1. Are any residues in region B:277-298 facing another protein chain (nearest Cβ under 8 Å), in contact (Cβ under 8 Å) with a residue 40 or more places away in the chain and in contact with a Ser or Thr (Cβ under 6 Å, 6 or more places away or on another chain), and if so, which ones?
2. Picking from A:Thr153, A:Thr127, A:Thr147, which residue would you name as being buried (at least 23 other Cβ atoms within 10 Å of the Cβ) and assigned by TED's automatic domain parsing to the domain that holds A:Val58?
3. Taking the criterion of being touching a Phe, Trp or Tyr at 6+ places or on another chain (Cβ under 9 Å) and surrounded by fewer than 21 Cβ atoms within 10 Å (Cβ to Cβ), would at least one residue in region A:22-39 satisfy it?
4. Tally up the residues in region A:80-109 that are crowded, with 16+ Cβ neighbours inside 10 Å and within 13 Å of chain B (Cβ to nearest Cβ), please.
5. Quick one: which residue in B:Gly251, B:Gly282, B:Gly303 is out of contact with any helix residue (DSSP H, G or I) (no Cβ under 7 Å at 6 or more places or on another chain), buried (at least 24 other Cβ atoms within 10 Å of the Cβ) and either modelled with pLDDT of 95 or more or farther than 27 Å from A:Gly113 by Cα (or both)?
6. Could you say which residue among B:Thr218, B:Thr185 is away from every other protein chain (no Cβ under 14 Å), surrounded by 24 or more Cβ atoms within 10 Å (Cβ to Cβ) and touching a residue at least 60 places away in the same chain (Cβ under 8 Å)?
7. Taking the condition under 22 Å from B:Asp339 (Cβ atoms) and either of a type in the set (A, V, I, L, M) or crowded, with 24+ Cβ neighbours inside 10 Å (or both), does B:Leu295 pass?
8. Looking at A:Gly72, is it at positive phi and either outside the structural domain of A:Ala143 (by TED's automatic domain parsing) or crowded, with 24+ Cβ neighbours inside 10 Å (or both)?
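The values are calculated or read from the model by the stated rules, or taken from the named source; none is laboratory data. Keep in mind that what you see is a predicted model, and the values were worked out from it rather than measured. For neighbour counting, all protein chains shown are included, and Cβ atoms are generated from backbone atoms with ideal geometry for every residue, glycine included.
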2 protein chains.
Amino acid sequence: MSVTAAKGFSAAGIAAGIKDSGGPDLALVVNDGPRAEAAGVFTSNRVKAAPVLWSEQVLKGGRVSAVVLNSGGANACTGAPGFQDTHATAEKAAGILGHSAGEIAVASTGLIGLRLPMDKLLSGLGTAAEQLSAHGGEKAAIAIKTTDTVHKTAVAEGAGWTVGGMAKGAGMLAPGLATMLVVLTTDADLPAGALDAALRDATRTTFDRIDSDGCMSTNDTVLLLASGASEVVPDQAEFAEAVRKVCDDLGQQLIRDAEGASKDIRIEVVGAASEQEAVQVGRTIARNNLLKCALHGEDPNWGRVLSAIGTTDAVFDPDQLNVSINGVQVCRAGSVGEDRDKVDMRYREIRITADLSAGTESAVIWTNDLTADYVHENSAYSS
Amino acid sequence: MSVTAAKGFSAAGIAAGIKDSGGPDLALVVNDGPRAEAAGVFTSNRVKAAPVLWSEQVLKGGRVSAVVLNSGGANACTGAPGFQDTHATAEKAAGILGHSAGEIAVASTGLIGLRLPMDKLLSGLGTAAEQLSAHGGEKAAIAIKTTDTVHKTAVAEGAGWTVGGMAKGAGMLAPGLATMLVVLTTDADLPAGALDAALRDATRTTFDRIDSDGCMSTNDTVLLLASGASEVVPDQAEFAEAVRKVCDDLGQQLIRDAEGASKDIRIEVVGAASEQEAVQVGRTIARNNLLKCALHGEDPNWGRVLSAIGTTDAVFDPDQLNVSINGVQVCRAGSVGEDRDKVDMRYREIRITADLSAGTESAVIWTNDLTADYVHENSAYSS
C-alpha cells in the first residue's frame, strides 16, 4: 500500500523530535529507479512556504530521487533563514542517498511562522535513511499526520503497473488545492511530461474540488514520482485514470477526516452555462457558514443555498433555480418545493443538487459541516 | 431616539402574531411631512426577497410616506405569491394612512422560503397604525429584532436638524451590505438626490465594511426618509457626515451583537495600492474561519493572516508583509517579528493591522470571531 505499493520505491517514517508530542514526524520516500521522473502541483497561495518554493524549483527539472516530508512545522513565513533550512534538508538527504540536492523535494506541514528544529530534523534524516524499506509506505503515511485522526493511503493497479499514494490533511482543505501533502508513486515507465499531464488533470477534478473550510494553505504539495521499475509503458489515458482514482480516493479520505466534521456534503451543480461557473457556484455554496451550520443541525435550510448562489455572477435566473437535498426537491423555480420535512438527514453523507437551469455543464464539490468541534480544534491551540 | 428622534415622524411596534413566540414582530414608520423625500440601498444578492424587489421600485420614485417592517419571516424565495403578499401589505398600509401604495416601502426579515401569515400581518397593520406615536421609535426598533439580543438605535444632531435611525441584524452580516434592516429618518429639508448621495457614501464605508460571517442576505435594506419638518436645509457635507455617523454607530452595534461572537475584530489594511484592494484584503482576512477560530482562542496566529492575504490578487510582495496584532508587530517583512507572547488578547476588541507595503491606501473592515455559540445558534433551529 501507500507510496511503496509500486515497485522501485522505499520509504520510512520516524519520530525525529520535531513534534513536542514525540510522535512520528519525519518521512522519507526514495525512488530506487531505474528512472526518476516526476511531476508536481503546488498551492496557488501567493504566500508560499520555503519547502514549496524549493520543490517548485526541483520539479522544473522533472526529476525527483527522494522526498523529505515533515510534520510539526510548516516552515512558512520564516524568511531567508527558513529557505536555508529547506536547502540544508535537501543537501543532507542528497549526501546520505548519493544524489544531487536538486533532485530532493521537501514538504512540510504544521504551524506557520516558526523555524524548524534543524538539529533534530537533520539527525532524524540519518535514522530515516537507515530504516528505508520497500514496506515502509505506511510508516511514512503516519509520520506526515498533523491533526489527521487516521493516515491515508490508496492504490490503483494497471496491467503490470501500479499507482500508490499517501496523503495528509484535515484542516485547511480548500481551493486551488486542499491543504495537504500528497506523494504518489508509480512503477510505470513514463517521462515527466506524461506524469505532469496526468497529475494536473487528476488534481483539477479531485483535490481541487474539495473545500472543507475555504482556507488555502501555504504548503500544499502533490508529487507524482515514477521509477519505471515495472518496465511497462502504460496507455496514457489508462494511466491518467489510475492517477485520478488514487487522487479521488485520497481526497475522499481527506473530507471524511476533516477537522470536527460530522457530515460529508456532496454539492452537485447542474444546468450551468459553463463548468467554471458550476465550480464557482459549488464552491460558494460550500463556503457558506450559515448553510454549513444548518446541515450540521440536520436542517434542510435550502434558503441558505439560494442566498449563496445569489452572491455569484454565474448565469442564472433566480426564478428558475431548483435545489434538492438528499433527493427531495425542496426548492422549485426559486420558490417553495416539496415539504422540507421529507428530507432525511440522519446519515453522514448529505447530497445537495443545485440546478441553475442555464446550460448543460456540471461539477461536484465536496465539503463538510461547520461544528463546535471545528471551532474547538482551531481555537484551543496553535496549528 | 431612533426613527422618531427627527421631527415629522411617528412609529409603532407591535406583536402581530407573525412570530410563533408571540413577541413584537411588526413595525410601522410614518413620515408625517411636510415632505416625503427618500433614498434606499438594497442587498446586492441576486436572489432578492419580495419586499426588496418591491421597495427598489418604490425608491425609484424618490418618495416614501411609510415603511412597514416585519420580523418572523423574510418573504424570500416565495415566488409570485410572495410578491403579491408584499404588494397587499403596501396596499393595506396605503389605505389606512391615506397614501398611494407606490410610496410605501416594505422590509422583512426571518426564515427564507416560507409565506408570511398575511391575515395576522394585515390585521396587525391596523393595530400598529392606531398606536403610531412621535415617541414610538423604540418600540419599532424592538419589533424588527430576530436573533438580536438588543435593539439598536442611534442619533446625530445638526444645527437645527436631526438624523436618527434603527437597525436590526446579527446573523448574516456580510459584504455588499450586512444583513440588516435599517431605517434612518431626518427632519432636514433635502431632496431625494441629496439623501441618496449621503446614504450611498455612508453605507460604502460603514455597513459595507462589516462582515460577520461572509454570508450575504436576500433582504438587506437601508432606507433614509426626510420629512423637511425642521425647515432647515443643511450643508450637504455636514449632513452626509451626520448620516455616516449614525450608520457607523449602528454598524458597530451590529458587530457587537453578532451571533455567538465573543470578540470584535478591527482589521485595518494599510499600504495598499488602492482602496479597493485594501477592502478586498480586509474582507478576505475577515472571512478566514481558521483565523476567526484562533482569535476566539486568544491565539495571535498571524500565519493565518498571511495565508489569507496570499489568496488575494492584490499588489504585494510576500516578503514585505507586516502584521500587528493589538499593537505588537508579530510579523515583519513576511517573517517572524516580535514575540507573539507579548500580544494581550484578553479584551473583547482585537485590532489587526496588515501592511501590504505596496502603496498608501487603506481600509478598515470589522468582523467577529467564530465560536461554538455561532454554530449552535445557526444549527439548533431554522433562521
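1. Passing the criteria: B:Cys293, B:His296.
2. Values: A:Thr127 fails: buried (at least 23 other Cβ atoms within 10 Å of the Cβ); A:Thr147 fails: buried (at least 23 other Cβ atoms within 10 Å of the Cβ).
When all the criteria are applied, what remains is A:Thr153.
3. Taking region A:22-39 first, the residues touching a Phe, Trp or Tyr at 6+ places or on another chain (Cβ under 9 Å) are A:29-32.
Right, trim to surrounded by fewer than 21 Cβ atoms within 10 Å (Cβ to Cβ) and you get A:32.
Within region A:22-39, one or more residues are touching a Phe, Trp or Tyr at 6+ places or on another chain (Cβ under 9 Å) and surrounded by fewer than 21 Cβ atoms within 10 Å (Cβ to Cβ).
4. Result for region A:80-109: 5.
5. B:Gly282
6. After ruling out the rest, the residue left standing is B:Thr185.
7. yes
8. So A:Gly72 passes the test.
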